[in-house]
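As structure tokens, the structure follows; a few thoughts come after it.
The values are calculated or read from the model by the stated rules, or taken from the named source; none is laboratory data. Just so it is clear, the structure is predicted and the values come from calculations on it, not from any experiment. Every residue, glycine as well, gets a Cβ built from its backbone with ideal geometry; the counts of neighbours run over all protein chains shown. For the accessible areas, the whole protein counts, side chains as well, though only heavy atoms, and no ligand, DNA or RNA atoms are used. Shrake-Rupley method; radii C 1.70, N 1.55, O 1.52, S 1.80 Å.
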Amino acid sequence: MFRCRVCGGKVQEFVDLGRQPTANGFLLPEEVDREFFFRLAVGVCELCTMVQLLEEVPQDLRYHGSYRYHASGSASHREHFAANARRFMATELTGADPFIVEIGCNDGVMLSTIAAAGVRHLGVEPSANVAELARAKGVTVLSEFFDQATATAIRAEHGPADVIFGANTICHIAHIGSVFQGIDALLGPNGVFIFEEPYLGTIVEGNAFDQIYDEHVFYFSVTSVQAMAEHFGFDLVNAEHIAMHGGEIRYTLARKGARKPAAAVNELLADELTRNLSEPETFAQFGRNVERIRHDLLAVLNKIKSDGKTVVGYGAPGKSSTVTNYCGIGTDLVPFVCDSTPAKQGHLVPGSHLPVRPPTAFADPYPDYALLFAWNHAEEIMAKEQAFRDAGGEWILFVPEVRVL
């Protein structure tokens, strides 16, 4: 029996995506024999409804000095986080000497705007390589994992935080109890803890199974986040849909009684109840849908191969690892993947070992088909690659279902 990391309740498994590597563990050919694998299975807590991984990959295997994900790599990401920074400075960082802490600041995509405005800040980023990229942008960074001890030390040196922020980070942290103890130690009496993460509703209803991988320990809904907040002594005071990564929610937590909850919280809770988002049959259907996508995607790729046509992968986000390993997609079906991140180029997609090449390889020559792993950036990518369509190329997508455009 597996126990919930939040409340200790029984967790019921509902999908198993098989033997998987660390999703951002892009490796060199000579490193293949040392690759780490684990069972990627997900379950839901019968008490607090928190959806979570059953097996946990040690955090030092996920975040290290060779971490390959750079948040500034997408124009839409840069615009989104610059807007976040401006919003915080307009609404929350308005005192005489405000202070903001970002958990998992990555390459400084958000805090660089804060730093440029001269606002006191601190990024807490355990991956040394991306922390250095943030420092090069003028961001102050502490290279540590965020927990109670780290937060207590920050409070002693810098004082209380007006805002503690995390983007695509809080759902990554298995020791969630220590995180909330750290929030309690660091947050000022009227401060807010704001985090935006992939939304369970988007994942389940959109069949976005590739959002499930080792870094995403938790899969938040408004219902489960409210239960988590209450369990650790906080109030959920706002919840807002945002477009990032195909559909996320930005949650705002405050100390008990410090702020009146926005009407949106009860509206979204009622909406989730209506949609049966926490019901066992909803998760069982998701599992069946995922199996169908695997079957349909392999059918399309095998047909392309038998017809003598060519296909390459486009984008090598962490979720490409989930898809290729669950579906058994190797170089016989997809010879390589193109990605704009220099740190991934020349490496192999974890597990499936598809070579990652620079974007110039995409047009040398154009393939007949492109399998779009970075589907959450579809609009941006397709606009940039109009010449591929003009040359007769077709895009293959697999979320929420397999289709050829």
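Quick notes on this structure:
- Whole-percent carbon and sulfur share, accessible surface of the chain, 1.4 Å: 51
- Per-residue ellipticity at 222 nm computed for the chain from its helices equals -10000 deg cm²/dmol, with DSSP H segments shorter than 4 residues left out and the rest contributing -39,500 (n - 2.57).
- Within region 207-346, the proportion of C-alpha pairs whose separation exceeds 21 Å stands at 58%.
- Its Kirkwood hydrodynamic radius, worked out from the mean inverse distance over all distinct Cα pairs, puts the chain at 21.9 Å.
- Amide hydrogen proximity for F36: with H placed 1.01 Å from N in the peptide plane, the residues at 5 or more positions away or on another chain lying under 5 Å are T22.
- From the alpha carbon centroid of region 260-286 to that of region 82-144 is 33 Å.
- Cα-based helix-to-principal-axis angle, 176-186 vs the chain, degrees rounded to 10: 40
- For region 244-299, applying the loop criterion from DSSP together with a ceiling of 10 other beta carbons within 10 Å to the trypsin sites (Lys or Arg not before Pro) yields K256.
- Among beta bridges identified by DSSP and lying wholly in the chain, the antiparallel ones come to about 55 percent.
- Estimated vicinal HN-Hα couplings, Hz - region 143-154 in sequence order (Karplus 6.51, -1.76, 1.60; Gly, Pro = x): 8, 8, 7, 7, 7, 4, 5, 5, 5, 5, 5, 5
- Tilt relative to the chain, helix 263-274 - C-alpha long axis, 0 to 90 degrees, to 10: 50
- Expressed as a fraction of 2.2 N^0.38 Å, the C-alpha radius of gyration for region 287-363 is 1.10.
- Of all beta bridges that DSSP places with both ends in region 193-269, some 95 percent have antiparallel geometry.
- Per residue, the average separation of C-alpha pairs within less than 8 Å and at least 6 apart gives region 324-378 a relative contact order of 30 percent.
- DSSP bridge analysis restricted to region 272-405 gives an antiparallel fraction near 20%, rounded to the nearest 5.
- Think of a 1.4 Å ball rolled over the protein heavy atoms: region 20-133 then has 39 Å² of accessible area per residue.
- Principal-axis tilt of helix 222-231 within the chain, Cα atoms, nearest 10 degrees: 40
- Peptides 367-375, 176-184 ranked from most to least packed give 367-375, 176-184, packing being the mean of other C-beta atoms within 10 angstrom over each peptide's residues.
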